[in-house]
Amino acid sequence: MSRTQVYLTVEEKNELSRVSAETGRTQSDLIREALDRYLGEQVASTRLERLRSAKGIWKDREDTRPLFAKLRRELDRRAAR
């Protein structure tokens, strides 16, 4: 682990202390959990944005249609097993 310093508002610090006392968990543990959740949401959000931005980028390409049709038939064949 790496040590870092974080500045909290008085309200944040008070709430963190309260939750720590109620749960018996350390403040550091609570901060790490919150950060992990936030970062996980950011990664998922970024991935979804990338997928949405890529939607339809090949819709006008005629040279890929036979390839996709073949791939689709193969996937349908395997799914029918």
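The set of residues from segment 1-57 being part of a helix (DSSP H, G or I), loosely packed, with under 10 Cβ neighbours inside 10 Å, of a type outside the set (Asp, Glu) and more than 21 Å from the chain's Cα centre (by Cα) comprises just one member, Val10. Residues in segment 1-54 that are at pLDDT below 95 and hydrophobic (A, V, I, L, M, F, W, C): Met1, Val6, Leu39, Val43, Ala44, Leu48, Leu51, Ala54.
The values are calculated or read from the model by the stated rules, or taken from the named source; none is laboratory data. All figures in this text were calculated on a predicted structure; none of them were measured in a lab. Cβ coordinates were reconstructed from backbone atoms using ideal geometry, including for glycine residues, and neighbour counts include every protein chain displayed.
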